[in-house]
1. Among the helices (runs of 4 or more DSSP H) contained in segment 318-390, which hold 3 or more residues that are more than 22 Å from the chain's Cα centre (by Cα) and not β-branched (Val, Ile, Thr)?
2. Of these, Asp129, Asp93, which one is part of a helix (DSSP H, G or I) and either at pLDDT 85 or above or assigned by TED's automatic domain parsing to the domain that holds Ser53 (or both)?
3. How about segment 298-318: which of its residues are touching a residue at least 24 places away in the same chain (Cβ under 8 Å) and either surrounded by fewer than 20 Cβ atoms within 10 Å (Cβ to Cβ) or not assigned by TED's automatic domain parsing to the domain that holds Pro284 (or both)?
4. Pick from segment 55-78 the residues that are out of contact with any Pro (no Cβ under 7 Å at 6 or more places or on another chain) and among the polar types (S, T, N, Q): which of them is nearest to Leu90 (Cα to Cα)?
5. Return the residues of segment 170-199 that are loosely packed, with under 11 Cβ neighbours inside 10 Å and in a helix (DSSP H, G or I); say none if nothing qualifies.
6. Exactly one condition in (1) closer than 28 Å to Phe159 by Cβ; (2) surrounded by 19 or more Cβ atoms within 10 Å (Cβ to Cβ); (3) in contact with a Leu (Cβ under 6 Å, 6 or more places away or on another chain) is not met by Thr288; state its number.
7. Output the number of the condition that Gly70 fails; it satisfies all remaining conditions of (1) at pLDDT 90 or above; (2) farther than 26 Å from Lys22 by Cβ; (3) surrounded by fewer than 17 Cβ atoms within 10 Å (Cβ to Cβ).
Amino acid sequence: MTGRRSVETPIGDTFSKYYADKGKGDLGRQGAYRVDAERELTRFREWCLGGKSDPANASPPESWAGVVDGDTVRFADLDTTVFSDYARYLSADGHAAGTVLTYYAHVASWCGWAHAQGYISRHYARESDAEDPLPENDGRRPGDQQAWGPIHRDLITQFVDRRVSEAFDALGAIEVPHADRGDPESELWRTKQQARFEAYQRCREQALVYVIAYTGLRGSEFLSAPKEDREGRNGIRWRDVSLADSSVTVFRKSREWKEASLPDPVSTPLERYAEILDVPESWPVFTTLHRPSLAAHVTDGLADAGLDEDAIETVRDGVPDLIVAAEHDLDAPKPLTTGGARSIMKRLWTHDALAERRDELDLSLDGDYLELHGGRRGVGEVLVRQFGYAAAARYLDNSEEQVRAAYQHIEAAERADMATEAFSKTDRRVNDR
């Protein structure tokens with residue numbers, strides 16, 4: 001080959017072209033997909049250059065020298081063996097099977113693109129010899145993926161409801177004399193503020209659980225998605241929420257701002273959450289409570305407002321930083337990330353008080369905790385069964401084809417019932433069972 005499609009082309013020179021091509025269309029690939037693809041292709045190139053320790057292809061692992069002698073990897077250096085060795089490296093690097101397959105898929109997709117573009121003569125990454133070292137797919141069918149059922153929703157919502165009630169009981173039990181209210185020197189006032197913050201935390205957990213359980217929103221649509229640095233992926237704000245209209249404005253996967261529904265069960269938790277702390281509409285609905293981040297945010301904000309170090313220390317003494325930020329009209333703190341929400345869900349699901357109840361019910365669950373997407377899939381299960389695929393697709397902001405693929409186990413069960421009914425009219429053996 002000659003020209004810009006030559007096998008002598010450095011592979012790194014094509015990455016940006018690949019990202020641009022894959023970023024087209026309505027597949028949501030301009031955000032997290034591009035970030036993930038860039039990370040994996042960078043990893044692949046570094047491995048080819050010997051910049052990674054490789055326990056699968058070298059002993060000791062640090063002696064891995066890569067597949068080229070110089071500092072440039074060209075398409076001419078690639079073959080089936082290279083991709084086979086890379087698959088072996090990923091498999092031995094301590095990742096779960098699904099993660100290995102995902103990482104390799106990004107590199108394989110680029111390889112297929114390069115083949116289609118004429119840089120290489122074959123799609124090496126998808127040849128059987130290249131894929132042999134990859135772990136087996138876990139074989140999960142669509143219906144095997146986690147989906148919250150009614151019992152999961154009941155258990156987790158009852159748990160957070162009880163925690164909110166207990167927090168408000170504790171808050172109400174603290175009576176502060178009028179003269180002490182707002183006095184930073186008052187121990188009773190500081191205790192009240194700590195209890196108020198505790199109630200805020202419990203309300204935040206409750207609102208989060210209800211949104212996951214009943215709205216069907218994707219985590220990246222209402223929380224901060226750190227891999228997608230763009231407007232619409234940094235958490236919904238209070239200005240986006242309309243409790244009167246039972247709706248919230250979110251940036252959908254189609255890269256369009258759309259109104260999503262807030263079913264009745266979500267309204268009360270959100271209302272209570274909004275009332276516990278009076279914050280500007282520009283604030284995220286779900287704020288981070290990461291202490292170092294909030295401490296730096298409040299300290300910098302108060303300094304910008306003209307307070308010196310002693311005054312800042314007095315203001316912050318014994319009062320949670322989030323309350324300080326709200327009462328001093330500081331800029332919005334960082335929003336809660338999808339990773340932070342997962343941590344909250346894990347913490348709730350493994351809480352001793354909830355674990356005891358889970359053991360009593362002998363619950364089955366695909367996964368170690370109630371996952372964000374499991375909530376969305378649970379919503380889809382209910383809507384498909386009650387209203388059909390088209391209605392569920394509209395609610396979930398998916399195509400009907402995608403919903404049918406995701407919930408094909410429901411349709412398969414319905415077809416089985418239909419066939420059984422049909423055979424019951426013709427075959428005596430069916431009626432005898």
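The values are calculated or read from the model by the stated rules, or taken from the named source; none is laboratory data. Here the structure is a predicted model, which means the values were calculated and not measured. Every residue, glycine among them, receives a Cβ derived from its backbone with ideal geometry; neighbour counts consider all protein chains shown.
1. 321-327, 352-361, 372-387
2. It is Asp129.
3. Matches in segment 298-318: Gly301, Ala305, Thr314, Val315, Asp317, Gly318.
4. Filtering segment 55-78 for residues that are out of contact with any Pro (no Cβ under 7 Å at 6 or more places or on another chain) and among the polar types (S, T, N, Q), the one nearest to Leu90 (Cα to Cα) comes out as Asn57.
5. Gly172, His178, Ala179, Glu187
6. The failed condition is (2).
7. Here Gly70 meets the rest and fails (1).
Rundown of residues vs (1) crowded, with 17+ Cβ neighbours inside 10 Å; (2) among the aliphatic types (A, V, I, L, M), yes/no style:
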| residue | (1), (2) |
| --- | --- |
| Glu371 | yes, no |
| Gly375 | yes, no |
| Glu381 | yes, no |
| Val384 | yes, yes |
| Ala393 | yes, yes |
| Asn398 | yes, no |
| Glu401 | no, no |
